[in-house]
Number of protein chains: 2
Amino acid sequence: VEAGRRSHWGWGHDAARPSGDALDGLAGLLSARFGEPATVRAPVPLEDVELPPSRVAPPSSLARLCRADPYERCLHHYGRSFRDVLRGSRGEFPHPPDLVAYPETEEDVVALLEWCSQAGIAALPYGGGSSVVGGVEPLVGDGFRGVVTLDLSRLAGVVELDRRSLAARVRAGTFGPALEDALRREGLTFRHFPQSFEFSTVGGWIATRSGGHFATRYTHVDDLLEAVRLVGPAGVLETRRVPASGAGPAPERLVLGSEGALGVVTEAWLRVRPRPDARARATLRFGSVERAVEAVRALAQSGLEPANCRLLDPAEALVGGAGDGSTAVVLVGFEAAGRPVGALLDAALEVVADHGAVVAEREVLDPPARAASGTALVTDSGSAGAPGAAPSGGGGGGAGPAGAAEAWRRSFLGAPYVRDALVLCGAVCETFETAVTWDRFEALDEAVRQAAAAAFAEATGGRGSVTCRFTHVYPDGPAPYYTVVAPGRAGAELEQWQVVKEACSDALLAAGGTITHHHAVGRDHLRWYLAERPPAFGAVLAAAKKLLDPAGVCNPGVLVPLA
Amino acid sequence: VEAGRRSHWGWGHDAARPSGDALDGLAGLLSARFGEPATVRAPVPLEDVELPPSRVAPPSSLARLCRADPYERCLHHYGRSFRDVLRGSRGEFPHPPDLVAYPETEEDVVALLEWCSQAGIAALPYGGGSSVVGGVEPLVGDGFRGVVTLDLSRLAGVVELDRRSLAARVRAGTFGPALEDALRREGLTFRHFPQSFEFSTVGGWIATRSGGHFATRYTHVDDLLEAVRLVGPAGVLETRRVPASGAGPAPERLVLGSEGALGVVTEAWLRVRPRPDARARATLRFGSVERAVEAVRALAQSGLEPANCRLLDPAEALVGGAGDGSTAVVLVGFEAAGRPVGALLDAALEVVADHGAVVAEREVLDPPARAASGTALVTDSGSAGAPGAAPSGGGGGGAGPAGAAEAWRRSFLGAPYVRDALVLCGAVCETFETAVTWDRFEALDEAVRQAAAAAFAEATGGRGSVTCRFTHVYPDGPAPYYTVVAPGRAGAELEQWQVVKEACSDALLAAGGTITHHHAVGRDHLRWYLAERPPAFGAVLAAAKKLLDPAGVCNPGVLVPLA
């Protein structure tokens, strides 16, 4: 076992996952919450996993790029959804990729796609493998001789930096921390922090239209992309490097969200920016969720565009340590480079005052040189909310109370580890994230909670919890994010999960939401995606795939249904 | 002649165009500028225009929607580019639409497209007819029995308003002033003011990805569109009404910029907002264009996102009355609803101070209730720059010095009338607008000016002027807008124009710009569009057209070349 290599079944590194007493403690909490005994299960070790034999061998010219050992095949078998982690921890790896290829150049990608197209082998692009929607799982039907997963992690690095235009040319396999490390040396940041940040890549972000953890404005990778290069089996689609254009429909928007179905994103020009050095934040409490929602709506429509604007329902606030479970909590924050933001926070507090906000904490850290109202009034080390400071990587850099920022960073990036621990404790978990216009939010919220309750009644003995937060807010609506946890029956968790997943997804869609705001479609959301997507646009995507990927080998079954 | 009907050959209403002494004065200015006598030519009146007979008659079920009188056929023959106005004023209308249809419902659109598809007749969607790129001109090759122009102006009106989500469902044929009038009654605005505002429609904006006159942020219609409905001969493409989604490539982005080639936009949900009541602006002068460019770059990268940030080179400043021709001028402005913006202007002035900006005027009009630094320091009635107040329609509403705002409004919206007058005075005119990354701007600017000079040497006796402003700025680059005016030779203006157009367009593209930032592609830009667009994306667009418009009748020759 290599030191530090990633877990073959769970999120990130095994050593970072709660274990021992922490795991037992979590099981105890689950037992207390749901009134059923929870026992800790140990994941099946890699050496006990049985894999089907690899069905294909690479041509000699590509052999140097390919691996077929059990670790590689298990690591690339799944993404990291609840189902993935459950099956992986059980040692179930029934349809692994036959080969894992590590292209080191774009020419390698071209050669691999050419081979796969000619040989009738499915080619699955793989960045960090953090998909929670079955985006990288080799379920490709019976039409292929085998599956090769293309792990892009060796096609990595910042290859060009245009300081005048604040843009960087980056290879697709670059992971979040490596990108930020390279930019930090120049005083810059991409400032895109999806929760998967540590274990996801630039190409994966683009292919899945990932959302960063900022609540407004420059948070989706869609808006941070200047140009992109995609390699399909039938050729290259490279967009022009311009700040904007009105020349026909935007070609880069076809690549954004293409999820590997049209080919492999190999590199992109990203818009970068100076690192923020001013931050202000506040924690607000409300007597009811309804009032908190109205306050957040007012903020979202104020034009202030806070970097952070996270509404937590009482239960979510309790779980996250941001409240005592009696009140809804809103975390609001601003940040900027080179200018104070305290006045923006004041303006935001004025907006929410009309909605009964109680300011529990307030903190302003403006840059020393030009500080206007820049005194730290309250410093709290426990709760979430210092937005920009969050995943600042090793070096930190910039203002911000090290304690609070670091705690938030750990909590934010560590959440997937806790989810994995819940799986080992026998829980059934899922998150549902959507976006909906304000006029429909209350009905959607009620529909999701009722659907979950009905699913619990059917599948989990009536036991289960639903919590909600807003991860992003827009002038025309919020992006609610539901976390569902229920006690599982050993061996039946997949079926229980299925009942919950279908009920809540049906409810989301029927109530006017989208099946995904930032988790993508993959294989798990395909059914609802087909219901949501304009049929005519589906036909266009199928035609685009036929043109770029005539043999249909690129991530088969994603976006375009298997024939 | 109906009172107030639009000019059959020129911009807007004939009565609003400079005439008499004003026109003679303009001719005098041209003579003085270029050292050649300029004479005023009268446009050929409608009754002297000879039109080819209409080749098609509508089926009886559609006859009530169709017109074929000379005024309608001339009005819809051209857009309003230099070439269009020149040909129209000469009385040249050689290939008018055979019929002009005014659908009143979406069902009418469906029926018209069905008839055209079955009968082999080209169908050209037409909003306000303000295209400057040949987007509505019936040049459709030999493959059609005739041409029907679909004038959408009767499919108009705000049909639904969601106040909670700040969104309005609007029919495609709604003109700018009608939209703003309807929203103003609710205290709202769409805040999208392309220069064509008075004579362009919501559907036209969407089909051409129009740009508003604000310099940053919410200025392109792309970002203001919540959902859209497009009717093609083979069916409807309607996107879901959600604030955001990560479900596959964005379907609405295929409609944005589709220029009628995929069908007819019939309605859209637009994001509206409270009307701004706070404004601040300043006029800055610089010793050199280079320093002004660096100042604007700093502003664009500051995160302040001014509503207005317009750089005028010395000649452009002189023409627009914003300077004396000796210095570059930058107009910067902010606006907001319900909160002061004076501090933002102060921050902007701090940013540009390092680049040698001299503040010629400064004006802050913050809302009375919450004004912070809200005193009008300088009120100037002559020059451009009060952004939000600009095309506020009849009622005005909100702060802003009525004189300056009104002057700016008249100048902004009146510019096309002046261009038409220049045409009557014999000038050859064109505007080139692009966007380019900052690192390439200087080289592009030099290339365009050299190309224009070479074209003048070839075609206009070495005479001609080139001025430049930035209409929009992005963190990664500006959108330069070049205005070219040269003295024409009577009868040879089209050929002279062609030389200038090709030289400057070639130069723009070779220097890394886009062929259009906000004027669209139409027929005039097709050659450069095909060079700029990723070929694979062109194949996707052709496939999309085949699916939505199997008979290929929708605006033939636009985006997808004629076979």
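What to note about this one:
- Only DSSP H runs of four or more residues enter the estimate; each adds -39500 (n - 2.57), and after division by the residues of chain A the mean residue ellipticity at 222 nm equals -10000 deg cm²/dmol.
- The stretch A:117-192 and the stretch B:513-551: distance between their alpha carbon centers, rounded to Å: 29
- One Cα centroid belongs to the stretch B:455-484, the other to the stretch B:219-249; the line between them spans 34 Å.
- Neighbouring Cβ atoms from other chains, within 10 Å of the Cβ of residues in A:473-480, number 6 on average.
- Size of charge dipole - the stretch A:221-323 - debye, nearest 20, with Cβ of Lys, Arg +1 and Asp, Glu -1, no other charges: 340
- The label-point distance for B:Arg489 and A:Glu114, in a model that sets each label 7 Å from Cα toward Cβ, rounds to 5.4 nm.
- Computed about its Cα centre, the charge dipole of the protein assembly as shown is approximately 120 debye, with only Lys, Arg, Asp and Glu carrying charge at their Cβ.
- Additional length obtainable on full extension of the chain from A:Ala510 to A:Asp223, 0.36 nm per residue less Cα span: 100.5 nm
- Oblate is the label for the stretch B:189-230, because a/c, from the alpha-carbon gyration tensor with a ≥ b ≥ c as root eigenvalues, is 1.5 or above and a/b does not exceed b/c.
- Distance in nm between pseudo-label sites at A:Leu51 and B:Glu442 (7 Å out along the Cβ direction from Cα): 5.5
- Computed about the Cα centre, the dipole magnitude for chain A is approximately 820 debye when only Lys and Arg (+1) and Asp and Glu (-1) carry charge, each at its Cβ.
- FRET E, pair B:Arg463, B:Arg6, Förster distance 30 Å, beta-carbon r, rounded to 0.05: 0.35
- Label geometry 7 Å along the beta-carbon vector: B:Val44 inter-copy distances in nm: 8.4
- Distance from the stretch B:17-95 to the stretch B:257-306 (C-alpha centre basis), Å: 33
- Shielding score for A:426-439, defined as the mean number of other chain Cβ atoms within 10 Å: 3
- Using C-alpha pairs under 8 Å with a sequence gap of at least 6, the mean separation divided by the residue count of chain B gives a relative contact order of 16 percent.
- Residue among A:Thr219, B:Ala295, A:Val466 farthest towards the positive dipole end of the protein assembly as shown, charges placed on Cβ: B:Ala295
- Chain lengthening between A:Arg154 and A:Ala453 when straightened (0.36 nm per residue, less Cα-Cα): 103.1 nm
- Exam field: A:Gly462 pseudo-label spacings to other copies (7 Å along Cα-Cβ), nanometres: 9.7
- Between copies, the label points of B:His13, set 7 Å from Cα on the Cα→Cβ line, lie 7.4 nm apart, reported in increasing order to one decimal in nanometres.
- Unsatisfied cross-links (Cα-Cα over 23 Å) in the set A:Lys545/B:Lys546; B:Lys501/B:Lys545; A:Lys546/B:Lys546; A:Lys545/B:Lys545: B:Lys501/B:Lys545
- Among A:Thr105, A:Ser81, A:Gly91 - extreme Cα towards positive end, dipole of the stretch A:49-187, charges at beta-carbon: A:Ser81
- Helices assigned as whole DSSP H runs in chain A whose Cα atoms extend at least 27 Å along their own long axis and whose mean Kyte-Doolittle hydropathy is -1.0 or higher are found at A:402-424, A:438-459.
- Taking 7 Å steps out from each Cα toward its Cβ at B:Val359 and B:Ser31 produces label points 4.5 nm apart.
Every read-out reported here was derived from the displayed coordinates using simple, explicitly stated rules and does not represent laboratory data. Keep in mind that this is a model prediction, so the values were computed, not measured. When we count neighbours, we look across all protein chains shown, and the Cβ atoms used for this are built from the backbone with ideal geometry, even at glycine.
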